[in-house]
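Comments concern the structure below.
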Amino acid sequence: MTEPTRVIPQRAVVSWVLYDLANTIFSMGVVSLYFSLYVRDEVGAQRADSVYGIITTMSMGMIFVISPLLGAMTDRAARRMPFLIWTTVICCACTALIARGSYLMSAGLFIVGNAAYQAGLQFYDSLLPEVTTEHNRGRISGIGVGVGYLGSYLAVAIGLLLGTKDKPLLFGIIAATFLIFAIPCFLLVKERGNPNPRPVFGLAVIKESTAQTLRTLKEGHKYPGLLRFLLGRIFYTDAINTVISYMSLYAINVAMVNGGTKEAGEHTAQLVMMAAISFAVVGGFVWGWLVDKIGPKRTLNIVLFIWLWTFTLAAAIGFFRLPVGWLYLVAVQAGVAMGGIWSADRPYMLRLTPPDRIGEFYGLYGMVGRFSAVTGPLLWSVIMYVVVQRNGAPELTGQAIALVSLFAMVLVGWRILQPVTDAPRDWNALAK
């Protein structure tokens, strides 16, 4: 079925892309870099991985439970934008307060703030049809990924300029920067809106939305490839979300094993992140173009093979105590692959989604991403506890073993996805 021609203002596209930059400031600055360092300072190097994993698991568990409900609610609402605005404001407020009170209070703020950030991602992704057509969806999604990773530059640059000792100031600046770059999206992305809005809040709505989501899962055969795609996505996002969370702690340990101090290790972690970000920026643009040329499935397959090689090399660094320089090669590969995952992933999901149920289906899409973000850090924490805390192995050896488990996750995810076609669906015909 041919999509009607729409004129999409350039300012709307630019504003949508800018939000990708904004939320990446939080993702890199808080989740990947500075909150894990804050936890390390509070609980010590030996317990840092396992404690941070538990905190992350609690946050992701919260959003995992409510993601499908939130998605179904946005399908009922007149507009999705208010949901994005409120979750962003909550995330920024929580982030600004981290490290200004007790350690337990800061952990609670991170749990709530990260859950709000994850919910916002779900609403943001569901706005993709408002700023794209079927013919440029891969390119715009890729541009969003590429520009988004510039937000990582900002997050790392904030730490380099301010240092990492004054954590309250660091988190406050990150929160303010996130909000500033998010505002254009709030103001300039105009939705077509829901022609048939229904009540959004209330116990009856929760029951109906939950029943609808369960019905969708039971009737997965009506949506070809959907359930298999979601299952495969659990495994590969499990690996990628986990390595993003623990990248800085791993880089610090590699640097220290090679004779560096903790402070030098933190600096190395920042530089490694910068290398990964640089190639993620370029990768986002290239992969987005490739999605429109060869389709999201073939693009995603290529990206997953790059991840397999990346995890192999990263684990080898830990097992064989390779020099720090090898981390930069891993960072280059991971950066290229990170740009590709989200450039292909969002358009792939949209091919499997009926236009009138985008919120609900992206809720499921978000749910499996959050499930993987629960199981990945939990698996990493269990491995670190057994190998390091119970058996006395060096932290780097435990992390290398954990990286092998991530390799296995990507391989399983790739295998599950192979029967899923990314051919455009005629939803009118399927509904008959």
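Observations on the structure shown:
- Restricting the search to helices (runs of 4 or more DSSP H) fully inside the stretch 90-192 and requiring at least 2 residues that are of a type in the set (Ser, Thr, Tyr) and at pLDDT 85 or above gives 103-125.
- Output for the stretch 151-175, where each listed residue is more than 25 Å from Gly284 (Cβ to Cβ) and within 22 Å of the chain's Cα centre (by Cα): Leu170, Phe171, Gly172
- Filter result for the condition that a residue is within 23 Å of Gly120 (Cβ to Cβ) and surrounded by 24 or more Cβ atoms within 10 Å (Cβ to Cβ), over Gly335, Gly376: Gly376
- Of everything listed in (1) touching a helix residue (DSSP H, G or I) at 6+ places or on another chain (Cβ under 7 Å); (2) without any contact (Cβ under 8 Å) to a residue 60 or more places away in the chain; (3) among the small types (Gly, Ala, Ser), the single unmet condition for Ala408 is (1).
- Output for the stretch 266-303, where each listed residue is under 25 Å from Thr421 (Cα atoms) and surrounded by 24 or more Cβ atoms within 10 Å (Cβ to Cβ): Gly283, Gly284, Trp287, Gly288, Val291, Pro296, Thr299, Leu300, Val303
- Taken over the stretch 51-89, the criterion of being under 28 Å from Arg40 (Cα atoms) and either among the polar types (S, T, N, Q) or not in a helix (DSSP H, G or I) (or both) is satisfied by Thr56, Thr57, Ser59, Thr87, Thr88.
- Of all residues in the stretch 389-421, those that are out of contact with any Ser or Thr (no Cβ under 8 Å at 6 or more places or on another chain) and over 30 Å from Pro296 (Cβ atoms) total 12.
- Considering the stretch 70-92, the residues that are under 20 Å from the mean Cα position of the chain (by Cα) and of a type in the set (Ser, Thr, Tyr) include one that is surrounded by the most Cβ atoms within 10 Å (Cβ to Cβ), namely Thr88.
- Cβ-Cβ distances below 7 Å connect the following pairs, each with a first residue in the stretch 321-347 that is closer than 20 Å to Gly366 by Cβ and touching a residue at least 60 places away in the same chain (Cβ under 8 Å), a second residue that is part of a helix (DSSP H, G or I) and of a type in the set (Ser, Thr, Tyr), and a separation of six or more residues or different chains: Ser343/Ser141; Ala344/Thr299; Arg346/Ser141; Pro347/Ser141.
- Close Cβ contacts (under 6 Å, 6 or more residues apart or on different chains) running from residues in the stretch 101-112 that are surrounded by fewer than 20 Cβ atoms within 10 Å (Cβ to Cβ) to residues that are of a type in the set (Asp, Glu) and at pLDDT below 90 comprise Tyr103/Glu42.
- Complete set of residues in the stretch 252-305 that are within 20 Å of Thr132 (Cα to Cα) and of a type in the set (Ser, Thr, Tyr): Thr299
- Single match in Gly284, Gly295, Gly260 (criterion: touching a Phe, Trp or Tyr at 6+ places or on another chain (Cβ under 7 Å) and not β-branched (Val, Ile, Thr)): Gly284
- Candidate set from the stretch 384-407 (those that are more than 27 Å from the chain's Cα centre (by Cα) and buried (at least 18 other Cβ atoms within 10 Å of the Cβ)); member that is modelled with the lowest pLDDT: Val388
- For the stretch 117-143, the candidate set comprises residues that are of a type in the set (Gly, Ala, Ser) and under 13 Å from the mean Cα position of the chain (by Cα); within that set, the residue that is nearest to Val281 (Cα to Cα) is Gly120.
The values are calculated or read from the model by the stated rules, or taken from the named source; none is laboratory data. Quantities reported herein were computed from a predicted structural model and do not represent experimental measurements. Cβ sites come from the backbone with ideal geometry, for glycine too, and all protein chains shown count toward neighbours.
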